[in-house]
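Taking it in order: structure first as structure tokens, then the write-up.
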Amino acid sequence: MAAIRHRLSTVKHKLLVLSGKGGVGKSTFTAHLAYGIAHDDTKQVAVLDVDICGPSIPRVMGLEGEQVHQSASGWSPVYVEDNLGVMSVGFLLGGPDEAVIWRGPKKNGLIKQFLRDVDWGDVDYLVVDTPPGTSDEHLSIVQYMKDSDVDGAIIITTPQEVSLQDVRKEINFCKKVSMRIIGVVENMSGFVCPKCKNTSEIFPPTTGGAEKMCQELQIPFLGRLPLDPRIGQCCDEGKSFLAEVPDSPAAQAFKEIIQKIEQQCNLPASKEEETGEMR
Amino acid sequence: MQTHKGDIYVPICRWVPVYADPEQRISVMSIGFLLGSPDEAVVWRGPKKNAMIKQFLSDVCWGALDYLIIDTPPGTSDEHITVVENLKKYSPDGAVLVTTPQAVAVGDVRRELTFCKKTGIPVVGVIENMSGFVCPHCTECTNIFSKGGGEALAEQFQVPFLGCIPLDPRLARTLEEGQSFIDLFKDSTAYHAVTSIVKTITERDTG
């Protein structure tokens, strides 16, 4: 634990990206949050992928097939850009078909190693991608990082109640472990047909969507991201959607959300209490 | 008679499943029924989850069933290992793998296929879900999550491809509002896709 605290002492801001459900776009969001912050090349950004069984970050960030190198100072992250480094179990696997069939304790061991042995260097933002749910990986990351001042968690959801129900569980998890919630992002929020330009709600917000839930629970609502097929395409090709399609409504929405997150991270402590954030 | 006390088998039948339909042909068991409220988080590590799953498998009074379908979380971890370990002796028919079409999703499902191979679970087939969206305003089809990844995966691993199910907002809405998509939208492409897949699964030769 002391080793982890020491390792993370050079990391200024630490963010966890959570979701209740799988498939809501957590890894996509994590990658693009990192890309978005790293666009400012005076900032050093890192991504830690602790989705041990489903490590998507290497694919999403165009790093499939990369291997981890060890040096005297620890494991070196794999760099997407000079100021954007990544660590994932994906880099430790033999091939894309290799399955990580591990029970909790083994997963926890690897997470501890990642936190203790990766030499991030001086980092402004460390973004941690997690698997869906509230289990071993989440408990471990919270436990191992508890002495390292985590800024908070960002929760990703889609608009429909079935997804929001799981977000409420994530919110309760955060409460239980005293994790601040930076806010909730509603992903896949509406689709504009490229032909007729009409909007369809593919995942209907049957109970008012994430914004209403956030109002009820007094949690910051960070914004909505629309469905855009080019986002998925970019992720499949390992490219940044923000760089490829910067003028799209989705890219604009991403950038606004990223700005809000950076603002939340840089609030002085007294301001956090005023804005009603949970600690 | 040479019988002993130990010869009597007392079945443990602690839990009665919840019926989802008036005819009581579809019964359900879920940890969701055991929670104090729907917002309650189950913050359990592996061993506790494993114990719960074992209890579900041994202590629920299903009665005579034609099909037991087990919904799992994403991944290849405690839940999956425990279910497989406990079901293996009953020769499960196999696993149905659901993916969305894009490479990122397929990338995870190929690991699920490896899991099935390693644990000796037969693969019933792969379903490509959220495969295309037909705009209700102009009928233009957009492949929001790409197309074809599930089918290509099935071909690569030489397992059956069960079919594509398109995105249909009415499916999500009816599920959430407790209505029957099957009764309300019998003419929809999604309904036809689902029923065709069900037919393939139920009519397959299980040897």
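The values are calculated or read from the model by the stated rules, or taken from the named source; none is laboratory data. Treat the numbers as computed from the prediction; the structure is a model and nothing was measured. Note: ideal-geometry Cβ built from the backbone for every residue, glycine included; neighbour counts use all protein chains shown. To get the accessible areas, we keep the full protein, side chains included, count just its heavy atoms, and leave off ligands, DNA and RNA. Shrake-Rupley method; radii C 1.70, N 1.55, O 1.52, S 1.80 Å.
At 1.4 Å probe size, with no ligands or nucleic acids counted, give the accessible surface of residue B:192 in Å², nearest ten.
100
With a 1.4 Å probe, what is the total accessible area buried between chains A and B, in Å² rounded to the nearest 100?
Result for this pair: about 4200 Å² buried.
In a solvent-free Debye calculation with one equal scatterer on each Cα, what is log10 I(q)/I(0) for chain A at q = 0.13 Å⁻¹, listed in the order of the q values?
-0.84
How much of residue B:138 can a 1.4 Å solvent probe reach, expressed as accessible area in Å² and rounded to 10?
30
Per-residue counts of other Cβ atoms within 10 Å, averaged by peptide: what ranking do you get for A:180-191, A:126-137, highest first?
A:126-137, A:180-191
Please list 3J(HN,Hα) in residue order for the stretch A:60-76, calculated via the Karplus relation 6.51 cos²θ - 1.76 cosθ + 1.60 where θ = phi - 60°; whole Hz, with x for glycine and proline.
These are the phi-based 3J(HN,Hα) values: 4, 9, x, 10, 5, x, 6, 10, 8, 10, 9, 10, 4, 8, x, 7, 8 Hz.
Around residue A:84, which amide H atoms from residues at least 5 apart in sequence, or from another chain, sit under 5 Å from its own amide H, with H modelled in the peptide plane?
Long-range HN contacts for residue A:84: A:45.
If you build the Cα gyration tensor of the stretch A:1-86 and take the root of 5 times each eigenvalue, what three semi-axes come out, in whole angstrom, biggest first?
Taking √(5λ) for each Cα gyration eigenvalue gives 21, 16, 15 Å.
Given a 1.4 Å probe and every protein chain left where it sits, what share in percent of the accessible area of the stretch B:104-179 is carbon and sulfur?
Exposed carbon and sulfur together represent 52 percent of the surface.
Evaluate peptide A:135-145: per residue, the Cβ atoms of other protein chains within 10 Å of its Cβ; return the mean as an integer.
Mean shielding by partner chains, rounded to a whole number: 3.
Hey, any idea what % of the stretch A:1-145's accessible area is carbon plus sulfur with a 1.4 Å probe?
Percent of accessible area from carbon and sulfur atoms in the stretch A:1-145: 46.
Applying the Karplus parametrisation 6.51 cos²θ - 1.76 cosθ + 1.60 with θ = phi - 60° to the phi angles of the stretch A:96-112, what ³J(HN,Hα) value in whole Hz is obtained for each residue in order, glycine and proline being reported as x?
Once θ is set to phi - 60°, the couplings for the stretch A:96-112 become x, 8, 5, 9, 9, 9, 10, 7, x, x, 5, 5, 4, x, 5, 4, 4 Hz.
Average projected area of the Cα convex hull of the stretch A:69-133, in nm²? The partial results should precede the final answer.
Values: hull surface 22.5 nm².
Mean shadow area of the hull around the Cα atoms is 5.6 nm².
What is the set of long-range amide H partners of residue A:128 at a cut-off below 5 Å, with H atoms built 1.01 Å from backbone N?
A:15, A:16, A:17, A:48
Which whole-Hz couplings ³J(HN,Hα) result when phi for each residue of the stretch A:220-235 is put into the Karplus expression 6.51 cos²θ - 1.76 cosθ + 1.60, θ = phi - 60°, listed in order with x for Gly and Pro?
For the stretch A:220-235, the Karplus curve yields x, 9, 7, x, 10, 10, x, 6, 9, x, 6, 5, x, 4, 4, 4 Hz.
What span do the alpha-carbon atoms of the protein assembly as shown cover on each of the three principal axes, reported in whole Å from largest to smallest?
Reported extents, whole Å, longest axis first: 81, 64, 46.
So how strong a dipole does the protein assembly as shown carry about its Cα centre when Lys and Arg Cβ are +1 and Asp and Glu Cβ are -1, to the nearest 20 debye?
1140
Roll a 1.4 Å probe over the protein chains and send me the accessible area per residue for the stretch A:188-229 in Å².
Per-residue value: 46 Å².
For a quick check: with amide H placed at 1.01 Å from N, whose amide H comes under 5 Å from residue A:11's, ignoring anything fewer than 5 positions away on the same chain?
A:123
I need the Debye-formula profile for the stretch B:1-143: one equal scatterer per C-alpha, no solvent, reported as log10 I(q)/I(0) at q = 0.10, 0.12, 0.14 1/Å, two decimals.
-0.51, -0.71, -0.91
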